2 protein chains.
Amino acid sequence: MSRKALDYDNINENVKKAQYAVRGELYLRASELQKEGKKIIFTNVGNPHALGQKPLTFPRQVVALCQAPFLLDDPNVGLIFPADAIAKAKLYLSYTSGGLGAYSDSRGLPGIRKEVADFIGRRDGYPSDPELIYLTDGASKGVMQILQTVIRGSGRDGILVPVPQYPLYSAAISLFGGSLVPYYLEESANWGLDITNLRQSVAQARSQGISVRAMVIINPGNPTGQCLSVDNLQEILRFCHQESLVLLGDEVYQQNVYQDERPFVSSRKVLLDMGGPISRELELISFHTVSKGFLGECGQRGGYFEMTNIPPQTVDEIYKVASISLSPNVPGQIFMGCMVSPPKPGDISYEQFLRESKGIMESLRKRAHMMTDGFNSCKNVVCNFTEGAMYSFPQIKLPPKAIEAAKRAGKVPDVFYCLKLLEATGISTVPGSGFGQKEGVFHLRTTILPAEEDMPAIMDSFKKFNDSFMGQYEDQTGYSRM
Amino acid sequence: MSRKALDYDNINENVKKAQYAVRGELYLRASELQKEGKKIIFTNVGNPHALGQKPLTFPRQVVALCQAPFLLDDPNVGLIFPADAIAKAKLYLSYTSGGLGAYSDSRGLPGIRKEVADFIGRRDGYPSDPELIYLTDGASKGVMQILQTVIRGSGRDGILVPVPQYPLYSAAISLFGGSLVPYYLEESANWGLDITNLRQSVAQARSQGISVRAMVIINPGNPTGQCLSVDNLQEILRFCHQESLVLLGDEVYQQNVYQDERPFVSSRKVLLDMGGPISRELELISFHTVSKGFLGECGQRGGYFEMTNIPPQTVDEIYKVASISLSPNVPGQIFMGCMVSPPKPGDISYEQFLRESKGIMESLRKRAHMMTDGFNSCKNVVCNFTEGAMYSFPQIKLPPKAIEAAKRAGKVPDVFYCLKLLEATGISTVPGSGFGQKEGVFHLRTTILPAEEDMPAIMDSFKKFNDSFMGQYEDQTGYSRM
């Protein structure tokens, strides 16, 4: 037996337990193939710019000027930057003490937190307090910080997570020594949430000695794409209130909605609309990001969380822990400012901003339809419409022979399918097992982000692979090399 | 008793235990006073730009262009950006798949990791492998990730940390449920490290049932400023090898050296120079950052760690955990590139880069002297010279009456002193107790970062306060209001 501290046998078991399929076996294989020269379409992660989405011009101009403040005194600056971007950069620099190169307060720049509060106030119709908004290096970091605060180790603290789920949750819960308590979304009801099922999950966890402490919702859903109705949100809030759970509202896809029947409504708005004791008592933390929506600025790592009804002493503890890593990156905070406080009608950059952002959202809507329709045209594939977020999550009905072939290859059946898809087409997806799913049911997740003009070819290539795969494993002549 | 999940009584005890004095009571009080309109000199944290240090022009030009790639096609771009910055921006954009708005690989952009490896190779005289270099959102995030991998919870895993120490270590160790095992630096020997004392610390920890797993060194020292000699580093490496400890080398101040007798030598170079089994067996992780040195780009959050002799399976686990938060911020990675691969002789921007960076380092050297001399001119204050890093850590010999007055005010004596200093002068320091120190000995930490031209006035103001404070509490007429 090895005895050095970082030998595999000796490291933290929770680190080993954590699984993160979005960059798991499929991603690693895709990276290898790419190195070997194969063209890979990375649809494993919601990373719009990597698939050709252009950044919005205005926020980039503002951040470029903040990075190069000496340009603000250059007589030629007006030749390449519009006046409103210059004014905004000056405003944001005035929020800092020393520009983008100085640590901000660990909660973020007060000026940006104020802009976020104003945005939330306009969105929900209830004022928001900047002191309860903390900026983060992307939403994931915020989620991880809050889970670390909630989970007391020992493996006995449970967090309710929708299944299928975004594996940030399963991974972080493992890492912090908690227990994931799954509640299943109903595929046949368009991934709706059934409150009876939720109660059963909690009862079952308790019978195993688990103390259920928090509930996660992802709205719009990742990987499932559904938008929660106000009725459903009310049920969830009442349930959390009865059970003294803190509700973690992952609302990073709030701008990504592709139908008009169920617009995004925040958990906070629904809570405050309910009034009465619940609206003053229920502990709620909501997350948002610059990585999704029309910005799609994943690489900048900007996010925030807002705390509702969290006791001040706990807010202070969360501040203290944020302080250990000093401050979220400041450029990411500027992007957050530009997202929540975009150009207004009459501003020089307004028309361009509107044209660019509308262009992105309209194209995403089209792509959501193209992808769903494409999947539903394939043999043994059924797919709910992507109402929101950035993903399609088709069910793949694998024939028994395919499942046997996977077993012989030592692979989980959906991993087997996705690997074959990758090798045949270069499309890098994530097997449904990475998100959790019911026994014997198989899915994959793909983003809807490939460029609109590439979409028909990608869906053709998928269909060709899939239908041949299905034909092969339904074929009575049995197993043959793909 | 409250029962909601985020009520203070119910949250993770390790979160409550973590202390981070750099943004503790003194910082909070300073922020309050600033809100009330008082002029505060924030010397609590090594944040050069917040105290007026100008960013280097070249890296900012490169990052501004990367943020606004549409400028690269603008016919006027040559009017305000030099050609080598434009070329560098194009190079760095070619490293990305989708510009700064796309997530990079979780370990950072391969192109930048290659540049870091080249830098390390030149520095140490031994090639470095980019696959063992992971980019991070600042060095603190890297340190936290590694501690989380090492510490197996249960409170029985010990980490050797120099005392006085940078409280990132104490805070993170608490947070992950480890035990800090202190080894004391010898103030009378210019904060040198005594290997006998180190052995005693380990023996004592073991007698308490603690499994010592890792050793931290901070070189140059924070808060103590010493530069470790090659002899001392060899002793440390041999000790870690004998005891099967992983060595965590916090080398973020490697560019900040203010004397010529002991230049910075990396732990890795000393290790590889030693040759033999130790050089192939000792587990070493070294940390670096863009926040210190002449860049001082704290707000950008760029850092890396390099792994030496870490087993591949563990390297993979560290990759997996990094993947959970998707990618370090990409602009911070570009700054890292500019730091390790600066303009070369003959480049258009070389002269300016040299002038700016030399100017900063020479001024820091002067300020290190001004501050040490200033402290040593004060009554009851003695201070070792700041050989490196960014801090002065003077010992404050508090008279018994001052200690009594602190007790009456319900304050730790050095907190009491620092609060009085803050109220009287606006100078925001960190009490020595935040870093750990021997019983009955008091210090404070201040950065050497105030602008050179402000330094005489600040040291005068400090001396006036200190000498009056000392006069008051040494005065036999006893306690009076400051």
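Only the coordinates and a few stated rules stand behind these numbers; no lab work does. Since the structure is predicted, the reported quantities are computational estimates derived from the model, not experimental observations. All Cβ positions, glycine included, derive from the backbone under ideal geometry; neighbour counts span all protein chains shown.
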Estimated inter-spin distance, A:Ser154 and A:Leu33, nm [label 7 Å along Cα→Cβ]
4.7
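Say R0 is 60 Å: what FRET efficiency, to the nearest 0.05, do A:Asn190 and B:Glu439 get from their beta-carbon distance? Could you put the intermediate results ahead of the total?
Working: r = 66 Å, r/R0 = 1.10.
Given R0 = 60 Å and the Cβ-Cβ separation, E is 0.35.
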The stretch B:108-142 to the stretch B:379-445: how many Å between their Cα centroids?
38
Rh (Kirkwood, all Cα-Cα pairs) for the stretch A:6-164, Å, reads 20.6
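Helix-derived [θ] at 222 nm for chain B: sum -39500 (n - 2.57) over DSSP H runs of at least 4, divide by residue count, nearest 500? Could you put the intermediate results ahead of the total?
Working: 18 runs with 212 residues, N = 482.
Estimated from H runs of four or more residues: -13500 deg cm²/dmol.
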If you keep only loop residues by DSSP, which GluC sites (Glu not before Pro) in the stretch A:250-346 have at most 12 other Cβ atoms within 10 Å of their Cβ?
A:Glu261
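May I have the convex hull volume per residue, in Å³, for the Cα set of the protein assembly as shown? Don't jump to the answer; show the numbers that get you there.
On the way: hull volume 170.7 nm³, N = 964.
In the protein assembly as shown, the Cα convex hull volume per residue is 177 Å³.
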Given a cut-off of 26 Å, name the pairs among B:Lys16/B:Lys463; A:Lys38/B:Lys320; A:Lys292/A:Lys464; A:Lys35/B:Lys90 whose C-alpha atoms lie farther apart than that in the structure shown.
B:Lys16/B:Lys463; A:Lys292/A:Lys464
Per-residue HN-Hα couplings for the stretch B:272-280, Karplus 6.51 cos²θ - 1.76 cosθ + 1.60 at θ = phi - 60°, whole Hz, x for Gly and Pro?
6, 5, 5, x, x, x, 4, 5, 9
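Taking each pair of different alpha-carbon atoms in chain A once, compute 1/r for the pair, average those values, and report the inverse of that mean as the Kirkwood hydrodynamic radius in Å to one decimal.
Details: mean 1/r = 0.0419 Å⁻¹.
The Cα-based Kirkwood calculation yields 23.9 Å.
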Report the trypsin sites (Lys or Arg not before Pro) located in the stretch B:296-387 that are in a DSSP loop and have at most 16 other Cβ atoms inside 10 Å of their Cβ, or state none.
B:Lys379
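Rounded to the nearest 0.05, what FRET efficiency do B:Asp260 and A:Glu131 have when you use their Cβ-Cβ distance and R0 = 56 Å?
The value I calculate is 0.70.
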Amide H contacts of B:Gly192 (H built 1.01 Å from N, under 5 Å, at least 5 apart or other chain)
B:Glu186
What gaps in nm, shortest first, separate A:Arg199 from its twins in the other copies when you place the label 7 Å past Cα toward the beta carbon?
6.8
Counting only residues 5 or more places away or on other chains, whose amide H sits under 5 Å from the amide H of B:Ser179 once H atoms are built in the peptide plane?
B:Asp157, B:Gly158, B:Ile159
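Above 22 Å lies some portion of the pair distances; for the stretch B:94-340, what is it as a whole percent of all C-alpha pairs?
On the way: 15899 of 30381 pairs.
Cα-Cα pairs of the stretch B:94-340 separated by over 22 Å account for 52 percent.
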Convert each backbone phi in the stretch B:145-159 into a coupling constant with the Karplus relation 6.51 cos²θ - 1.76 cosθ + 1.60 (shift: θ = phi - 60°), then list the ³J(HN,Hα) values in order as whole Hz, x for Gly and Pro.
5, 5, 4, 5, 6, 6, 7, 9, x, 6, x, 9, 8, x, 10
Under-5 Å amide H pairs with B:Glu283, H placed in peptide plane, nonlocal only:
B:Leu247
Rounded to the nearest 5, the percent of antiparallel DSSP beta bridges in chain B equals 50
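Any idea what the dipole of the stretch B:94-340 comes to, in debye rounded to 20, about its Cα centre with Lys/Arg Cβ at +1 and Asp/Glu Cβ at -1? Let's see the in-between values first.
Numbers: 19 positive and 25 negative charges, 94 e Å.
Rounded to the nearest 20 debye, it is 460 debye.
Tally Lys and Arg at +1 and Asp and Glu at -1 over the other residues with C-beta under 10 Å from the C-beta of A:Ser229: what net charge comes out? Provide the component values of the computation, followed by the final result.
Numbers: positive: A:Arg262; negative: A:Asp231, A:Glu235, A:Glu261.
Charge balance near A:Ser229 sits at -2.
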Based on alpha-carbon centroids, what's the gap between the stretch A:157-196 and the stretch B:1-70 in Å, whole number please?
33
Report the full-extension gain for the segment B:Asn76 to B:Glu25: residue separation times 0.36 nm, less the Cα-Cα distance, to one decimal in nm.
13.3 nm
Cα centroids of the stretch B:243-278 and the stretch B:317-378: how far apart, whole angstrom?
19
In Hz, Karplus ³J(HN,Hα) per residue of the stretch A:387-392 (6.51, -1.76, 1.60; θ = phi - 60°; x = Gly, Pro)
5, x, 6, 9, 10, 10
Kirkwood-based Rg over Rh for the stretch A:345-444 (C-alpha set), two decimals?
1.17
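Under a point-charge model restricted to the Cβ atoms of Lys and Arg (+1) and Asp and Glu (-1), what is the dipole moment magnitude of chain B relative to its Cα centre, in debye to the nearest 20?
Values: 50 positive and 51 negative charges, 216 e Å.
Taking the Cα centre of chain B as origin, the dipole is about 1040 debye.
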Set the Förster distance to 45 Å, then compute FRET efficiency between B:Val382 and B:Arg3 from the Cβ-Cβ distance, nearest 0.05.
0.30
Among A:Ile236, A:Gly432, A:Ile195, pick out the residue whose Cα is farthest towards the positive end of the charge dipole of chain A, where Lys and Arg carry +1 and Asp and Glu carry -1 on C-beta, about the Cα centre.
A:Gly432
For B:Lys54, give me every one of the aspartates and glutamates with a C-alpha distance below 20 angstrom, ignoring sequence neighbours fewer than eight places off in its own chain.
A:Asp73, A:Asp74, A:Asp105, B:Glu297, B:Glu351, B:Glu356, B:Glu362, B:Glu452, B:Glu453, B:Asp454
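Length gain on complete extension for the stretch A:Asp373 to A:Arg122, per 0.36 nm per residue less the alpha carbon to alpha carbon distance?
On the way: separation 251, 0.36 × 251 = 90.36 nm, distance 3.58 nm.
Length difference between fully extended and current span is 86.8 nm.
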Once you put a point 7 Å from the Cα of B:Gln204 and another 7 Å from the Cα of B:Glu351, both along the Cβ direction, what distance in nm separates them?
5.8
Using DSSP to call loops (not H, G, I, E or B), can you name the GluC sites (Glu not before Pro) in the stretch A:1-78 whose Cβ has at most 16 other Cβ atoms within 10 angstrom?
A:Glu36
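Tally the DSSP beta bridges in the protein assembly as shown and give the antiparallel ones as a percent, rounded to 5.
Taking every DSSP beta bridge with both residues in the protein assembly as shown, the antiparallel ones total about 50 percent.
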